[in-house]
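Peer 1: A single structure is presented below for examination.
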Amino acid sequence: GSSGINAEYGEEPRPGASYYTSVYCSHVSDHVSDHASDHVLIPIMGEGLFHMLLDIFVHGDGPQLRDRMSHGECGEISEQLATHVTNVMFRVLGLFAEEEVASVAREGLNAYPHTYHVWEMLKRELDRGDRALAEFQSLVKEPVSDSSRALPDVVARLAERSKSSPTTTTPLPPDVPLFLGPERVKVFRFLLAVSQRHADTASTLVTMVMNKRAALAARKLRSRQRQNLEKLEGYGGALAGALAGWRTLVYGVIAGEVRQGDVQPLQKCYENTLTAARESRWDDMAALLLNNQVAL
C-alpha cells in the first residue's frame, strides 16, 4: 500500500505517523491518481472491499488497526471488531481463489460506502442537519400556542436579516478524490465540526418543540413553560432562517464559492447557540445568531 508507493518513489517514511494523516497525503498524493477507480488495488479487490479496508486500518476516525497493531495496542481491540476483521480477511483471501469463490467474496461489497472518510462523514452530517432544519421549519409554520405577540427587537432584526440571506444551497460536488491533500482535509474537518453542531442545534429545536407540544396536549405545562413554548414558536421562523443562511455558507465553502474565513465564526457560535437551545434561552440564541451574521 502506502509504504510500497513511498519505496517506489524514494520517500522515507516519517516515524510515528499514520500514512493517512496529512503526512500520508503529502507523501502519496503527488504520485497517485485523484480518482479511487485508478488505484492499483481496486481492480483486484473492488471499490467496496478497498474502502472497507481503509475504514478498518487507515482512516483517522475509524479503529486505525494499522497504527494500533504497530504500537502493540491489540488489547484495546474488541471481540466484535476482531470478528469483523476476520470476516473481511476471509473475503480478501477469497479473491485469490477460483473464480467461483472469488465472485462470492466480492458479492455485495460494491455498495459499501465509506464510513470514516472525512468527506463521507461531512455529507452525512450535512444531510442530518438539512433534515432536522426542514422538520423544525415545518413545525413552527403551524404553531399550537399563542405566538402572535410582537417580537423583541433582537428577534425582529434577526428575522429581517434572515430574509436577505441566501437559502438555496450549492449542490455538493459529485466526486471528491479518495486521497485528499492536507489542506483540504483540514477544511473538511472544520466544516464537519460546524455541520455536527448545526445538526445538533436543529435536532435540539425539533425535540424541544415536539416535547413541549406533547406536554401541552397532556395539560402538563405550567404557565412559565407555556410562555417558553410561545417564545420558541414565535421566534422559530427567525431562528430557522438564520440557521438556513449559515448552512448555505457551508455549502458555499465546499464548492469554493465562499472563503473559509467567512464562516470561521460559526464554530464558536454554534457551541454557544446549542447550549442556549438546550437551556431554552431563546433570546440569547437569537442574539448570538444575529451578532454572528456578519458574513451573510
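Peer 1: Select from segment 56-79 the residues that are in contact (Cβ under 8 Å) with a residue 12 or more places away in the chain, assigned to a helix (DSSP H, G or I) and either in contact with a Gly (Cβ under 6 Å, 6 or more places away or on another chain) or open to solvent by less than 60 Å² (accessible area, probe 1.4 Å) (or both) and list them in ascending order.
Peer 2: I56, L65, D67
Peer 1: Only one residue in M121, M52 is open to solvent by less than 70 Å² (accessible area, probe 1.4 Å), out of contact with any Asp or Glu (no Cβ under 8 Å at 6 or more places or on another chain) and outside any loop (DSSP other than H, G, I, E, B), so which one is that?
Peer 2: Checking each option against the conditions leaves just M52.
Peer 1: Report, by residue number, each residue of segment 91-112 that is open to solvent by 70 Å² or more (accessible area, probe 1.4 Å), within 17 Å of E47 (Cβ to Cβ) and not in a loop (DSSP other than H, G, I, E, B).
Peer 2: Once the filter is applied, which keeps residues that are open to solvent by 70 Å² or more (accessible area, probe 1.4 Å), within 17 Å of E47 (Cβ to Cβ) and not in a loop (DSSP other than H, G, I, E, B), segment 91-112 yields R91, R106.
Peer 1: Taking only pairs six or more apart or across chains, which ones have beta-carbon atoms under 7 Å, a first residue in segment 215-228 that is free of Cβ contacts under 8 Å to residues at least 12 places away in the same chain, and a second residue that is assigned to a loop (DSSP other than H, G, I, E, B)?
Peer 2: A215/L221
Peer 1: Restricting attention to segment 242-285, and to residues there that are small (G, A, S) and not in a loop (DSSP other than H, G, I, E, B), which single residue is most open to solvent (accessible area, probe 1.4 Å)?
Peer 2: The selected residue is G261.
Peer 1: Right, next: It is to be established whether one or more residues within segment 157-165 are among the polar types (S, T, N, Q), assigned to a helix (DSSP H, G or I) and either open to solvent by less than 60 Å² (accessible area, probe 1.4 Å) or modelled with pLDDT of 85 or more (or both).
Peer 2: yes
Peer 1: What are the residue pairs meeting all of these: first residue in segment 263-275, first residue in contact (Cβ under 8 Å) with a residue 60 or more places away in the chain, second residue of a type in the set (S, T, N, Q) and part of a helix (DSSP H, G or I), Cβ atoms under 7 Å, and 6 or more apart or on different chains?
Peer 2: Going by the 7 Å Cβ cut-off, the qualifying pairs are Y270/T201; T273/T201; L274/T201; L274/T204.
Peer 1: Separate question: I need a count of the residues in segment 92-146 that are of a type in the set (D, E), farther than 21 Å from L191 by Cβ and in contact (Cβ under 8 Å) with a residue 24 or more places away in the chain.
Peer 2: Matching residues across segment 92-146 total 2.
Results for (1) modelled with pLDDT of 75 or more; (2) under 29 Å from L288 (Cα atoms); (3) open to solvent by less than 80 Å² (accessible area, probe 1.4 Å), shown as yes or no for each residue.
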site: L81; (1), (2), (3): yes, no, yes
site: M89; (1), (2), (3): yes, no, yes
site: R128; (1), (2), (3): yes, yes, yes
site: A132; (1), (2), (3): yes, yes, yes
site: K186; (1), (2), (3): yes, yes, no
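The values are calculated or read from the model by the stated rules, or taken from the named source; none is laboratory data. Here the structure is a predicted model, which means the values were calculated and not measured. With ideal geometry, Cβ positions are generated from the backbone for all residues, glycine too; neighbour counts draw on all protein chains shown. We work out accessible area using only protein heavy atoms, side chains counted, and drop any ligands, DNA or RNA first. Shrake-Rupley method; radii C 1.70, N 1.55, O 1.52, S 1.80 Å.
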